[in-house]
Every structure is written in C-alpha cells, then in structure tokens.
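Participant: The structure is given below, and queries will be raised subsequently.
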Ligand code: ZN
Ligand code: ZN
C-alpha cells in the first residue's frame, strides 16, 4: 500500500484526528521530499505538506499525494490555520519533535506525543529501499577496497579516514552517514574513538568503521586489520572470537526470532572465550534512512525480527592497553532467512 495511505490508516487506528510529522527523514519517507524545511500534517483522509519559499519548486517536483502549501511566514502558524480550517482541535505529534513545535501548538490544541508512527512503517524495507541499501553497501565496499592498500605502518589514522571519505564521495555518496572511525593500537580499545594524528605501528589492531549512502539510504560496516608486530597471538585470538560471534549472531537471525536472542548468540561466544567483560555495547541496530534505527539487537531489546528488516551485526571486544576488534556486517531478513549484504571478506588480514 501507498505510504501516505498507510499513515492515514495509522492516524485513524490510533484514534488521532491528525498527526504532525516534523522529522525530515519521516517526511522524506512519506512524501519523497529531500529538502531541509518541511512539516507534514496527516489527517485520516488528507495530507498537507508545508515548506518555505526556497523549496517551492523542489516540492512541486518531489512531493506526491499531498496538498503543497508554501506560506509567507512561519510554517507552524500556517499549520495552526489549516487545523482550524479543518476544525481539528486535537492532534498527535512525534515523540522526538523539537520543544518549539510543542510550544507553538499547545495553546489552542490538545496534543499527544506519539511514538513509532512512521517508524513502524520504516521498519520493514520495501524492495526499492533494499536496492538502495545494497548500492550504499557496494559504494562503501568499493571505497574501502580502494584505500585498503594504504593501511600500513607509518600513516596516521586521520589520513586513512580522509582518504576513505574522499573515495566514498567519489563513488556518489551525497552524504557520509557518520564520522569515519579509524582507531589503531590502544585507541582501538575505545569503540567510538575519533581518528587522531597517531601513526599506525607494528602490532596494531586497526578498527575501521564507515558507511556509504545511496538515495538517502545508508550502509554501516566495520573491518579490523592487524599490523605485523608484537603480541600477535593474543590479538589473533581476540579476532577469532569476534569473528565466531559475528557468524553465530548471523546464523541466529531470522523472521520471528527475538532480537535479544541474536545478541545472546554473539555474547555467549565472547563470554565463553573469557572476553565477556570487554563487549560493552549491543550487537547491532537497524539501518535505513537513519544510521541507527529500529530494530535494536541487544539484550534489553523487545524487538522481534521480521522479513524486510535490515540491521547490523557488530560484536566487538575492546581491551584497554591491548586494542580492539569489531566486525560489522549488514543483514537483511529475506524470505528464505537472513541474507548478508556485506560482501567484504572477514577473515583476518595481517598487513
Ligand atoms: Zn559501524
Ligand atoms: Zn553500526
């Protein structure tokens, strides 16, 4: 069914008179609009799209299925006017909306913060969305393969990150989903280290976490390399454990499976190897128009995996003073079980 029709049905089934969408990713998902200023008002029967004069032409080309309104003044004032014209006195708004939006509507309307309206639709990817995600994966993989020979002793983390970002952009990524992580040696013990001027040294584990983009959709992946040098044995053992955890979690995934059980599959393996204290984060997260979205693959997650979901599997082990390993793949739940979208090899590469 058409996305706008689905959201109208949700407005009705959640007993709302109207729903105001302010999250730009959600607006894009529902209308096709790619600009940076918009509000979307959905009633049980209609949809009204508001943007400012800069986007008049773009809205005309991109927005489908809505009445497009380009007010002279503030968008929210025009939303209020439209609501009064429709004789709507109560409405839902997104749980993560800015306070200014609440403030601008609270006099005159009964308001209800609602979670998971558009997000519940975005959870299951359509064929076209999966195609774009695959392209985002491909661009990221090609960019990495291109710069990988440059990951060697003597180069700085920052220069690797910079070259990778450039390669992503050259392959058509309009946006870089998050700051690329290149963390080596002791820095690799921090799961979210930012690239520094540190040079790669013999014996360093080098964690590279990056993502691509295509048509607004993101990809997210991590590979860890090892530089020939001291202390190889321990580091190889850590790598081997994380790789087994990654494979075990992927095997556990499937339609109808609890996300928490997928996390457990990775976590138990790491615990059994004696590294349980060094895996502090969840095993994965959904990826789509946002780099982190539902489902959450963690022990406390209540999510149940369904066909069409796309998420990461990214167990890691981080040991202060030694370094860290993370191996992150993207997985899609297909008709016949989980499909790994990431194609880059993941056996340990010693460089
Ligand atoms: Zn990542
Ligand atoms: Zn991730």
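The values are calculated or read from the model by the stated rules, or taken from the named source; none is laboratory data. In this text, all values refer to a predicted model and were calculated from it rather than measured experimentally. Cβ atoms come from the backbone with ideal geometry, glycine included; neighbour counts cover every protein chain shown.
Participant: Are any of the residues in the range 330-346 in a strand (DSSP E or B), away from ligand 2 (no atom under 16 Å from the Cβ), within 21 Å of residue 278 (Cα to Cα) and modelled with pLDDT of 95 or more?
Facilitator: No, because not a single residue in the range 330-346 is in a strand (DSSP E or B), away from ligand 2 (no atom under 16 Å from the Cβ), within 21 Å of residue 278 (Cα to Cα) and modelled with pLDDT of 95 or more.
Participant: Need at least 3 residues that are in contact (Cβ under 8 Å) with a residue 40 or more places away in the chain and in contact with a strand residue (DSSP E or B) (Cβ under 9 Å, 6 or more places away or on another chain) per element, so show me which strands (runs of 3 or more DSSP E) inside the range 28-135 make the cut, counting only ones lying wholly within it.
Facilitator: Ranges flagged: 39-43, 90-94.
Participant: Specify which of the listed residues (269, 243) is farther than 25 Å from residue 124 by Cβ, touching a helix residue (DSSP H, G or I) at 6+ places or on another chain (Cβ under 6 Å) and part of a helix (DSSP H, G or I).
Facilitator: Step by step, each of 269, 243 is checked, and only 269 is farther than 25 Å from residue 124 by Cβ, touching a helix residue (DSSP H, G or I) at 6+ places or on another chain (Cβ under 6 Å) and part of a helix (DSSP H, G or I).
Participant: Among the candidates 290, 329, 261, which residue alone is within 14 Å of ligand 1 (Cβ to nearest atom), out of contact with any strand residue (DSSP E or B) (no Cβ under 7 Å at 6 or more places or on another chain) and closer than 30 Å to residue 128 by Cα?
Facilitator: After applying the criteria, what remains is 290.
Participant: Let me ask another. Being within 16 Å of ligand 1 (Cβ to nearest atom), in the same structural domain as residue 144 (by TED's automatic domain parsing) and surrounded by fewer than 19 Cβ atoms within 10 Å (Cβ to Cβ) narrows it down to one residue among 280, 334, 276; which is it?
Facilitator: Result: 280 is the single residue among 280, 334, 276 that is within 16 Å of ligand 1 (Cβ to nearest atom), in the same structural domain as residue 144 (by TED's automatic domain parsing) and surrounded by fewer than 19 Cβ atoms within 10 Å (Cβ to Cβ).
Yes or no, residue by residue, for (1) under 14 Å from the mean Cα position of the chain (by Cα); (2) at pLDDT 95 or above:
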site	(1), (2)
279	no, no
285	yes, yes
288	yes, yes
303	no, yes
308	no, yes
324	no, yes
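Participant: Return the residue satisfying two criteria in turn: it lies in the range 299-321 and is surrounded by fewer than 18 Cβ atoms within 10 Å (Cβ to Cβ) and in a loop (DSSP other than H, G, I, E, B), and of such residues it is farthest from ligand 2 (Cβ to nearest atom).
Facilitator: That would be 321.
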